[in-house]
Amino acid sequence: MTTKRNRLRLALLEIFMLLVSLIIVIPLLMLLLGSVKNPAEAARFNLGLPGEWHFENFSYVFSSGGLGRAMLNSVLITGAGVLLCTVCAMLCAFVMERRSTRLTEGIYVYMNVGMVAPLMIIPTLAFLKAMHIYGSYMSIIFVFAGMYIPWSVFLFTSFMKNVPRELDEAAFIDGCRPVRLFFTIVAPLLKPIVATNVVFISMNIWNDMMIPLYLVNDPSKTPVSLSVYQFYGSYFRDWNLVFADLVIASVPMIVLYFYLQKYIVSGLTVGAVKG
């Protein structure tokens, strides 16, 4: 009797999850189909197949919307921001986990506060202008890194607790220095959580429009998120072109997610259950 109830609960849960997934799938299908329709068909916002497939929408959007330059800017900003954030968080988490003192505990609490503290735009702009880097790639990268380092430290610290300290002791006996210990022994074990962190931060930086809106004052440095916003302002009546623009802008993050997805679940769930 209990088994039948469990099966019924699982079946109901699966049905519920399928229904919930439709909330995500239906808009995505509408986006994909709308990107190859003509303006009149795309404006109907339905799931009907197009009368004629207009794949030229993508080439038109890519050339007229300036997506090529915008994507290069986003790749530079996202790549540098993720690299800086990940390396700093890995080193910080390693020290805080291996040396448990009042100072490291205080820093960890400070990092946790940074996860929920809002970004202060006016002081940030004043600081960047005082440093004479306002409007540069460096300013955007530093701001993004500062925003996501606390989250990354939290992830890496939780994961680092599952890395045996015996590895450190064995390495020290063999004469291994702390820096070499981290990069040759500990860092390779962090591959799952690195992938999780890279995907999470990359998606957030790639899709963030607020920070570039405040910090970018040169059209040649416009990232994808801001480019999509500007493109919509110019072509808000041509929904087929807007959909095509969104599809192209989403492709890099979709590819990154599917490439690293095998590490994401293990990176998030490790340490959740101690056996």
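Of note:
- Qualifying residue in the range 233-240 (condition: part of a helix (DSSP H, G or I), in contact (Cβ under 8 Å) with a residue 24 or more places away in the chain and not acidic (Asp, Glu)): yes
- Complete set of residues in the range 40-55 that are surrounded by fewer than 15 Cβ atoms within 10 Å (Cβ to Cβ) and not polar (S, T, N, Q): Ala40, Ala43, Arg44, Phe45, Leu47, Gly48, Leu49, Gly51, Glu52, Trp53, Phe55
- Residue within the range 89-106 that is touching a Gly at 6+ places or on another chain (Cβ under 7 Å) and part of a helix (DSSP H, G or I) present: no
- Output for the range 156-174, where each listed residue is under 17 Å from Tyr108 (Cβ atoms) and either acidic (Asp, Glu) or assigned to a helix (DSSP H, G or I) (or both): Phe156, Thr157, Ser158, Phe159, Met160
- Residues in the range 114-130 that are among the aliphatic types (A, V, I, L, M) and out of contact with any helix residue (DSSP H, G or I) (no Cβ under 8 Å at 6 or more places or on another chain): Val116, Ala117, Met120, Ile122, Ala126, Ala130.
Here is a yes/no grid of residues against (1) over 28 Å from Leu226 (Cβ atoms); (2) exposed (fewer than 15 other Cβ atoms within 10 Å of the Cβ); (3) touching a residue at least 60 places away in the same chain (Cβ under 8 Å); (4) of a type in the set (Val, Ile, Thr):
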position	(1), (2), (3), (4)
Asn6	yes, yes, no, no
Val20	yes, yes, no, yes
Ile23	no, yes, no, yes
Ile26	no, yes, no, yes
Leu29	no, yes, no, no
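- Between Ser139, Ser158, Ser152, the distinction of being crowded, with 16+ Cβ neighbours inside 10 Å and either over 18 Å from Val198 (Cβ atoms) or among the aliphatic types (A, V, I, L, M) (or both) belongs to Ser139 only.
- Qualifying positions in the range 122-181 - charged (D, E, K, R) and touching a Leu at 6+ places or on another chain (Cβ under 9 Å): Asp168
- Near pairs, Cβ below 6 angstrom, 6+ apart or cross-chain, from the range 138-165 (over 27 Å from Phe127 (Cβ atoms)) to any residue that is in a loop (DSSP other than H, G, I, E, B) and of a type in the set (Lys, Arg): none
Residue-wise test of (1) under 22 Å from Ile205 (Cα atoms); (2) buried (at least 18 other Cβ atoms within 10 Å of the Cβ).
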| residue | (1), (2) |
| --- | --- |
| Asn57 | no, yes |
| Gly65 | yes, yes |
| Val82 | yes, yes |
| Ala130 | no, no |
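A short reminder: the numbers here are calculations on the coordinates, not readings from a lab. Computed from a predicted model, the values in this text were never measured in an experiment. Neighbour counts run over all protein chains shown; Cβ positions are idealised from the backbone, glycine included.
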